[in-house]
Amino acid sequence: MALKVFELDPLLESVKGQIWDRINGYRWWKAELEKNEGGLANFARGYETFGITRTEQGLTFREWLPTAQQVFLVGEFNGWQNSTPLKAEGFGRWSVHLPNRPDGSPALPHRCQLKVRLETQDGTWIDRVPAWILLAWQDAETNLFNGVRWDPPERYVFKHARPPKPAALKIYEAHVGMSSMYPKVATYLDFAENVLPRIKRLGYNVVQLMAVAEHAHYGSFGYHVTSFFAPSSRCGTPEELKELVDRAHGLGLPVLMDVVHAHLSSNSLDGIAMMDGTDFCYTHGGPKGHQSQWDSKLFHFTKHEVLRFLLSNLRWWLEEYKFDGFRFDGITSMLYHSHGIDKAFSGDYTDYFGPDADLESHIFLMLANDLIHELVPSAVTVAEDVSGMPTLGLPIADGGFGFDYRLAMAIPDMLIRLLKEVPDDDWDMNLLCHTLTNRRWKERCIAYAESHDQAIVGDKTIAFWLMDQ
């Protein structure tokens with residue numbers, strides 16, 4: 001069977017073996033999930049099984065802790081005592097059923113704080129925030145995060161349908177907490193009231209939100225995620241985030257989430273790193289599971305329950321919060337075993353293919369794009385990749401990764417370098433034209449002058465480069 005990628009770029013024939021390995025791996029997973037899980041989309045409903053789920057009879061709490069010896073659910077409901085044990089179900093799953101109280105109310109009331117307490121395989125006892133928890137709050141006394149049962153008596157009801165996908169994206173990137181003119185952490189409702197109308201008025205047609213998933217370290221700008229299913233509690237409640245998205249939709253603005261699956265926070269006290277006490281639960285063990293440049297941990301994408309967790313995470317944000325797609329952060333780190341660290345990408349295909357290519361991550365990205373576009377055909381996926389990986393922005397059916405767009409990251413780097421280092425009269429027009437037009441055939445790009453990487457992280461905005469000393 002011929003693939004269109006080889007028609008679009010005959011030079012890819014030289015690396016077709018690895019491209020076919022990626023495609024065949026993707027097809028294998030699709031077939032396995034169809035046979036054993038009812039298909040890709042059904043597999044991505046993990047939040048209906050794990051975490052806290054409810055029936056008429058009561059609540060069930062379930063967690064994946066493959067090496068745990070004993071597990072308890074502790075929290076405000078039982079005085080944080082080891083009085084609610086979980087039972088092993090096999091395949092690393094632990095669960096407990098919590099019947100309703102005599103008055104019919106749930107055993108874990110709305111806003112109840114909780115954790116899992118477990119005995120590790122070496123006999124140590126540790127507390128963990130549940131991996132599938134839908135909200136987490138920071139304890140004012142310990143500064144550690146606890147899981148929270150969120151079950152408000154009135155849930156937010158969306159009023160507006162998803163807007164159509166724009167033919168050409170004009171993206172406004174924003175961090176809700178930093179969006180106020182005042183020295184405070186802005187809220188979801190602040191943003192909806194004060195910033196969304198301005199975005200619309202300025203002519204943007206897409207909003208992209210940073211720092212949505214909970215992150216214990218606020219200074220990470222949301223890129224060291226600790227609770228993947230929980231929205232950042234510093235900015236408000238889950239219902240208030242839903243209102244923000246809905247009000248954007250009311251203005252005709254799709255909302256993209258900056259999703260971080262390339263790595264996870266190494267903070268095991270607040271996050272899912274070393275969830276069961278080992279360094280190989282959700283992550284690779286040893287050096288393979290560590291991203292030295294970011295001091296963070298790396299997912300083991302082809303572990304069955306890790307794959308379920310991450311794909312379910314994408315479905316959760318699409319369906320519960322009505323996000324319209326994702327910017328996938330930092331995927332260069334996923335594409336290569338070297339994570340692209342100290343690697344010069346010249347454009348030679350040996351830079352992208354060969355032993356450094358991380359096929360497990362490639363397959364995950366294909367499955368993720370397939371799922372997203374199956375669930376929401378109008379969804380937009382954007383890849384942040386500095387390497388220029390070929391086929392990243394081509395459809396899966398053609399042999400690509402399935403992203404709708406890739407970021408043209410060389411453009412802002414060039415502009416900042418010119419402003420910082422080159423007098424205006426010496427700007428090279430050939431360099432400007434080449435950088436602005438340098439993109440792979442049939443792979444759509446998002447060109448931009450600056451993002452948070454230029455404006456905040458170790459630098460300053462273009463405006464200040466022009467008017468500052």
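The values are calculated or read from the model by the stated rules, or taken from the named source; none is laboratory data. Not measured: the values here are computed from a predicted model. Cβ sites come from the backbone with ideal geometry, for glycine too, and all protein chains shown count toward neighbours. Ligands, DNA and RNA are stripped out before the accessible areas are found, and what is left, the full protein with its side chains, is counted by its heavy atoms. Shrake-Rupley method; radii C 1.70, N 1.55, O 1.52, S 1.80 Å.
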Using Cα atoms only, what is the angle between the long axis of helix 16-37 and the major principal axis of the chain, expressed in degrees (0 to 90) to the nearest 10?
30
What is the percent of Cα-Cα separations in the stretch 324-407 that go past 19 Å?
32
Global form of the stretch 33-128, assessed from the alpha-carbon gyration tensor, a/c cut-off 1.5
oblate
Computed over all unlike Cα pairs, the Kirkwood hydrodynamic radius of the stretch 67-199 in Å stands at 18.7
For the stretch 301-460, dividing by residue count, accessible area per residue (probe 1.4 Å) in Å² works out to 39
Reachable lysines, given that their alpha-carbon falls under 22 Å from the alpha-carbon of K343 and they are not under 8 places away in the same chain
K288, K297
Among the lysines, select those whose C-alpha is under 24 Å from the C-alpha of K87, and discard any that sit fewer than 8 residues away in the same chain.
K115, K303
Shape call, the stretch 232-353: gyration tensor on alpha carbons, a/c limit 1.5
oblate
If you restrict to DSSP beta bridges whose two residues both lie in the chain, what percentage is antiparallel, to the nearest 5?
65
If N is the number of residues in the stretch 105-164, what value comes out of its Cα radius of gyration divided by 2.2 N^0.38 Å?
1.58
How high is the relative contact order of the chain, given as a whole-number percent (alpha carbon pairs under 8 Å, six or more residues apart)?
13
If you wrap the stretch 133-261's Cα atoms in a convex hull and average its projection over all directions, what's the area in nm²?
8.7
Enumerate the whole-percent occupancy of each 20 Å bin, from 0 to the last occupied one, for all C-alpha pair distances of the chain.
23, 56, 20, 1, 0
Protection-proxy order for peptides 191-197, 34-40, 327-333, 111-117, each taking the mean of Cβ atoms within 10 Å per residue, highest first
327-333, 111-117, 191-197, 34-40
The stretch 19-38 residues near the modelled F6 label - backbone nitrogen below 11 Å, point 7 Å along Cα→Cβ:
19-20
Accessible surface of the chain [probe 1.4 Å, protein heavy atoms]: carbon and sulfur percent:
53
Please give every one of the lysines within straight-line cross-link reach of K165, meaning a C-alpha to C-alpha distance under 28 Å, and leave out same-chain neighbours fewer than 8 residues apart.
K4, K30, K200, K242, K322, K442
Taking a ≥ b ≥ c as the square roots of the Cα gyration tensor eigenvalues, with a/c under 1.5 meaning rounded and otherwise prolate when a/b beats b/c or oblate if not, the stretch 281-374 comes out prolate
In Å, the Kirkwood hydrodynamic radius of the stretch 365-469 over pairs of distinct alpha carbons?
15.5
